[in-house]
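Following: one structure in structure tokens, then a few remarks.
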Amino acid sequence: MKPWTWVLAVTLLLMAAGGVDTRAQEAAAEEAATQDAVAEAEAQLAAGDADAAVKALETAADLPGEVGGRAALRLGVLRESRGELDNAIDAYTTAAGKLEGAAKGEALGRMAVVQGTRGMAEAVASAEAAAAADPDGLWPTIAMSFRDVHQGEVEEGVTLARKAVDAGGGAAAQGALGHALQAHGDPAGAEAAYRAAMAADEALLGPVVGLASVLRTSGRAAEAEPLLAGVIEASPGAVEAYKEMARVKIDLNRAQEALGDASIAAAMAENDPEAQALVLEVKVARALQELRGGNVALAEQDLTQLREENPESPEVRLGLARAQLERGDTDAAIVELTKATELAPENAEAHYELGNVQLRKKSDPAAAVSPLEKASSLDPGNATYLTAYGTALVGAQQFDKAVEPLTTATALPGYESAEGFFSLGQAQVQLKKYNDAVPILEKAATLAPDAAPIWATLGWAYFGLKDADNFKRAAGKAKSLGYNEPTLLQYLGRVEGGEAIK
């Protein structure tokens with residue numbers, strides 16, 4: 001018999017023998033036993049015997065009332081650190097049933113976070129129950145940050161996560177902040193928060209999965225794969241890791257492998273619509289991989305069949321539209337993309353693809369403005385969406401409105417798209433803001449030195465500044481590249497002939 005269980009048994013027997021049966025004495029005995037059990041578990045952990053620690057805490061968690069609840073809470077933390085997510089959820093459930101106030105809020109908050117990693121819809125209700133138990137508690141605040149982001153209340157999620165960080169929430173709070181900032185369109189901030197969480201507690205799984213997601217969406221899928229492999233090895237029940245691994249493998253053009261990860265996630269999270277939808281997404285990716293390999297007819301055939309089987313899937317319609325565009329059927333693609341935006345009004349990619357087709361394929365910037373504006377509002381940190389939106393506005397002669405998205409895009413770290421700088425320069429020239437336009441267009445010309453329209457627009461900017469030498473340089477470069485717009489060439493000839501710019 002363990003020393004602490006012997007203490008409890010003897011104490012209770014003596015109480016019974018002596019005719020004493022008070023709640024205070026029973027509670028004291030149970031409290032002493034629980035403290036001994038937790039101390040024993042901590043000692044076993046320090047000695048490297050985690051299994052023995054788990055057994056000690058499991059026995060103590062069976063005790064009634066708060067003393068058993070605290071042991072169950074400690075057991076949940078230990079289970080979670082070992083990657084045993086389902087067992088951790090069970091322990092937190094036990095703890096929440098026995099505890100009150102702040103301790104109950106902590107148990108429910110921790111459970112909500114683990115349920116999120118496990119891909120369980122119950123995470124939302126657990127977070128709300130945690131907040132009800134302890135409205136200002138640290139763990140309820142962390143859990144509610146995740147809940148708010150899940151519900152689309154991203155600003156509120158960021159605010160709560162920052163509050164948790166400021167309150168000393170450590171790794172878990174940093175993980176919540178990374179999650180909120182990622183949803184807010186701040187990948188750099190999200191990456192920093194996730195890395196801070198991992199540095200503070202390398203056993204936490206959520207921040208690792210979150211970092212992998214940021215790496216993937218930043219074009220660094222190869223860096224994300226080993227991180228996710230480590231999570232899956234440590235915790236085979238981490239549904240979110242399997243889901244993200246499937247997406248990573250899609251980006252790495254290994255859709256057939258991705259199908260296995262997506263299928264595992266769907267099997268483990270039967271009530272998670274995202275996991276179920278991911279299987280279909282991978283099948284679409286597999287067809288698109290065929291498309292990239294030149295098998296246009298086969299890809300379109302597979303995607304058409306998927307659409308017939310899943311008419312309400314925006315991802316299938318997006319994929320089919322790409323196949324139709326590859327075949328040159330722009331009008332059919334517009335039909336599919338329009339339907340995709342109707343089925344998924346919050347799908348930024350669907351709106352972008354529809355606007356991009358209108359802009360690039362149909363040469364109708366006015367028609368492109370609305371879907372591209374929607375895409376940019378849904379994903380405000382996406383440079384591609386912002387650039388296309390600004391370019392469409394310029395094409396639609398909405399120059400004032402174009403300046404903001406294009407300025408935002410070109411200011412993003414690492415931005416190197418000549419189109420964005422060119423479109424912004426065009427808008428500034430049309431607004432007669434020549435001093436603003438010149439450095440922007442010079443940057444565009446550096447990025448695309450053989451683009452005659454850029455040099456021509458730069459020429460007009462210098463013309464507006466009455467800078468004859470630079471006008472001749474820029475307009476002359478445009479002419480040498482084949483630019484033949486009569487008005488520019490006429491003015492170039494006159495200035496080269498010695499006429500002053502008035």
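Assorted remarks:
- Some residue of the range 304-313 being open to solvent by less than 30 Å² (accessible area, probe 1.4 Å), out of contact with any Phe, Trp or Tyr (no Cβ under 9 Å at 6 or more places or on another chain) and of a type in the set (D, E, K, R): no
- Scope the range 194-227; condition surrounded by 15 or more Cβ atoms within 10 Å (Cβ to Cβ), touching a residue at least 60 places away in the same chain (Cβ under 8 Å) and farther than 13 Å from ARG247 by Cα; matching residues: LEU205, GLY206
Table: residues versus (1) more than 18 Å from GLN256 (Cα to Cα); (2) in contact (Cβ under 8 Å) with a residue 40 or more places away in the chain; (3) in a helix (DSSP H, G or I).
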residue: GLN276; (1), (2), (3): no, no, yes
residue: LEU280; (1), (2), (3): no, no, yes
residue: ALA285; (1), (2), (3): no, no, yes
residue: GLY294; (1), (2), (3): no, no, no
residue: LEU298; (1), (2), (3): no, no, yes
residue: ARG307; (1), (2), (3): yes, no, yes
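- Taking the range 104-148 as the range and being within 18 Å of GLY168 (Cα to Cα) and surrounded by fewer than 20 Cβ atoms within 10 Å (Cβ to Cβ) as the test, the residues that pass are PRO135, ASP136.
- Only listed residue being open to solvent by 70 Å² or more (accessible area, probe 1.4 Å), assigned to a loop (DSSP other than H, G, I, E, B) and not basic (Lys, Arg), chosen from PRO413, PRO449: PRO413
- Of all residues assigned to the range 169-177, at least one qualifies as being open to solvent by 20 Å² or more (accessible area, probe 1.4 Å), touching a residue at least 24 places away in the same chain (Cβ under 8 Å) and not basic (Lys, Arg).
- Residues (assigned to a loop (DSSP other than H, G, I, E, B) and closer than 15 Å to TYR92 by Cα) located in the range 46-63: ASP62, LEU63
- Index of the failed condition, SER235 passing every other in (1) open to solvent by 50 Å² or more (accessible area, probe 1.4 Å); (2) at negative phi: (1)
- Any hit, the range 436-445, residues being open to solvent by less than 40 Å² (accessible area, probe 1.4 Å), more than 35 Å from the chain's Cα centre (by Cα) and not small (Gly, Ala, Ser): yes
- The set of residues in the range 317-348 that are surrounded by fewer than 18 Cβ atoms within 10 Å (Cβ to Cβ) and of a type outside the set (A, V, I, L, M, F, W, C) comprises GLU326, ARG327, GLY328, ASP329, THR330, ASP331, THR338, GLU342, PRO345, GLU346.
- Candidates LYS466, LYS502: the one that is open to solvent by 20 Å² or more (accessible area, probe 1.4 Å), modelled with pLDDT under 95 and either polar (S, T, N, Q) or over 30 Å from GLY185 (Cβ atoms) (or both) is LYS502.
- Selected residue [closer than 25 Å to SER377 by Cα, open to solvent by less than 40 Å² (accessible area, probe 1.4 Å) and of a type outside the set (Phe, Trp, Tyr)] from LEU431, LEU424: LEU424
- If you go through the range 64-104 and keep only what is within 30 Å of the chain's Cα centre (by Cα), in a loop (DSSP other than H, G, I, E, B) and acidic (Asp, Glu), you end up with just GLU84.
- Subset of the range 269-287 [within 23 Å of the chain's Cα centre (by Cα) and open to solvent by less than 60 Å² (accessible area, probe 1.4 Å)]: ALA269, ASP272, ALA275, ALA277, LEU278, VAL279, LEU280, VAL282, VAL284, ALA285
- Filter pass, ALA143 being in a helix (DSSP H, G or I), in contact with a helix residue (DSSP H, G or I) (Cβ under 6 Å, 6 or more places away or on another chain) and under 27 Å from GLN276 (Cβ atoms): yes
- Any helices (runs of 4 or more DSSP H) falling wholly within the range 344-403 and containing at least 2 residues that are aromatic (Phe, Trp, Tyr): 383-395
The values are calculated or read from the model by the stated rules, or taken from the named source; none is laboratory data. Predicted, not measured: the structure shown is a model, and the values here were computed from it. Cβ coordinates were reconstructed from backbone atoms using ideal geometry, including for glycine residues, and neighbour counts include every protein chain displayed. Calculation scope for accessible area: heavy atoms of the full protein, side chains included, ligands and nucleic acids excluded. Shrake-Rupley method; radii C 1.70, N 1.55, O 1.52, S 1.80 Å.
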